[in-house]
1. Which ranges mark the helices (runs of 4 or more DSSP H) fully within region 11-95 that have 2 or more residues being of a type in the set (K, R)?
2. Have a look at V11, V70, V35 and point out the one that is modelled with pLDDT under 90, open to solvent by less than 80 Å² (accessible area, probe 1.4 Å) and β-branched (V, I, T).
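The values are calculated or read from the model by the stated rules, or taken from the named source; none is laboratory data. Since this is a predicted model, take the numbers as computed values, not measurements. What goes into the accessible areas is simple: the full protein's heavy atoms, side chains included, and nothing from ligands, DNA or RNA. Shrake-Rupley method; radii C 1.70, N 1.55, O 1.52, S 1.80 Å.
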Amino acid sequence: MKLAAFLIGIVFMIIGLIGLYFVIKYIITPYNKFVFENSNEHGVVALADWDAAVSFKKYQAKKEFLEALVGWPTAILFCIGFLMVATTTTVYFAV
């Protein structure tokens, strides 16, 4: 039983890490790059006109939605896998 829990935990951790990698690569990094390129010297996002500001707000809302939709479940899956591996490989001593 411990071996099955250990292997399932490893699989959960791998799936969670792959999901988090894709969230960072395709959602967070492009957003941070866009914010960095469109910021002024004070770190405030300075957009050209109102239409650009509205599209930025939509982009920001889409990023937050995708983070919540994909990022949180994969992070939770990784934590569950980590706990499964940790509990099956930990030796408890009775002191």
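1. On the way: elements: 29-37, 50-66, 72-89.
In region 11-95, the matching helices (runs of 4 or more DSSP H) lie at 50-66.
2. Details: V11 fails: modelled with pLDDT under 90; V70 fails: modelled with pLDDT under 90.
The match here is V35.
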